[in-house]
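The block underneath contains the structure these notes are about, expressed in structure tokens.
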Amino acid sequence: MVRIAWGITGCGDKIEEIAALMIELKKKHGLTVDIYTSKSAKLVLKWYKLWSKLEEEFYDIRVEVDANSPFLVGKLQTGHYDMFLVAPVTANTAAKIAYGIGDTLLSNAVAQGAKARLPIYIYPPDNKPGELVTILPGGKKMTLYIRDVDVENVNKIRKMEGITVLESVQDIRRAVEGFVEQQGKSP
């Protein structure tokens, strides 16, 4: 059985699709998925009315206390997890990863997981120039204009060893299913 540590930052873009995908992939492939959220992610998940849904579906949901608590890094580095996936990733967290700043639970976990050569996948919605239409709680649409600096940070991450940048929710599906197939651990 594939064991995934799934990080969620305070990004609301595509969060409803991502939560549904997490549940679907867990059930379809019999995955063990432990969720680690930033402090802001818990607020965003509650705003989108997803927190309770995830609590019902997943055994282990942990909220950031500080950069090393809960002790996700230890589990990543000692082989407890087969892969580390962070989706969605805020532009702020992407900037920290791009510049090696590990002052939050998830930016630190990416840095330390990469040092242990654990496969890491991240999905920052701000990954290409232009406009991004996002859905707010209640279904209202909002257009975001992606800043050049955010795209530059994502491009910097693309060049980092051991980190795969995913460009869409479908890429998340393909990455997880490809990993499961590669590991030969699907039931």
*Conditions: (1) in a helix (DSSP H, G or I); (2) surrounded by 13 or more Cβ atoms within 10 Å (Cβ to Cβ); (3) not acidic (D, E). Q170 meets all but one. Number of the miss?*
(2)
*Which of the residues belonging to segment 88-122 are of a type in the set (G, A, S) and outside any loop (DSSP other than H, G, I, E, B)?*
A91, A94, A95, A98, S107, A109, A111, G113, A114
*From K49, K42, K75, residue being more than 26 Å from E181 (Cα to Cα), among the charged types (D, E, K, R), out of contact with any Asp or Glu (no Cβ under 6 Å at 6 or more places or on another chain) and touching a residue at least 40 places away in the same chain (Cβ under 8 Å)*: K49
_All positions within segment 7-33 that are touching a Phe, Trp or Tyr at 6+ places or on another chain (Cβ under 7 Å) and either closer than 18 Å to V65 by Cα or free of Cβ contacts under 8 Å to residues at least 40 places away in the same chain (or both)_ = G7, M22, V33
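Any chance segment 173-186 includes a residue that's over 16 Å from D82 (Cβ atoms) and either of a type in the set (A, V, I, L, M, F, W, C) or touching a residue at least 24 places away in the same chain (Cβ under 8 Å) (or both)?
Yes, segment 173-186 has at least one match.
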*All but one of (1) in contact with a Lys or Arg (Cβ under 8 Å, 6 or more places away or on another chain); (2) under 12 Å from A91 (Cβ atoms); (3) free of Cβ contacts under 8 Å to residues at least 60 places away in the same chain; (4) assigned to a loop (DSSP other than H, G, I, E, B) hold for P125, so report the exception by its number.*
(3)
_Scan segment 54-63 and tell me whether some residue there is farther than 24 Å from E177 by Cα, of a type in the set (F, W, Y) and more than 15 Å from the chain's Cα centre (by Cα)._
no
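Residue under question is I101, and the condition is that it be at pLDDT 95 or above, under 30 Å from F71 (Cβ atoms) and surrounded by 21 or more Cβ atoms within 10 Å (Cβ to Cβ); does it hold?
no
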*Provide a single number: the residues in segment 39-86 that are closer than 13 Å to I8 by Cα and in a loop (DSSP other than H, G, I, E, B).*
2
*In segment 16-54, what residues are of a type outside the set (A, V, I, L, M), closer than 15 Å to A5 by Cα and in contact with a strand residue (DSSP E or B) (Cβ under 9 Å, 6 or more places away or on another chain)?*
K26, T32, D34, Y36, T37, S38
*What number goes with the only condition from (1) in contact with a strand residue (DSSP E or B) (Cβ under 9 Å, 6 or more places away or on another chain); (2) surrounded by fewer than 17 Cβ atoms within 10 Å (Cβ to Cβ); (3) of a type in the set (V, I, T) that I120 does not pass?*
(2)
*Qualifying residue in segment 46-60 (condition: buried (at least 19 other Cβ atoms within 10 Å of the Cβ), under 24 Å from V154 (Cβ atoms) and modelled with pLDDT of 95 or more)*: no
*asked:* Regarding segment 148-155, can at least one residue be identified that is in contact (Cβ under 8 Å) with a residue 12 or more places away in the chain, under 21 Å from Y48 (Cβ atoms) and in contact with a Pro (Cβ under 9 Å, 6 or more places away or on another chain)?
replied: no
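The values are calculated or read from the model by the stated rules, or taken from the named source; none is laboratory data. This is a predicted model, so every value here is computed, not measured. Neighbour counts run over all protein chains shown; Cβ positions are idealised from the backbone, glycine included.
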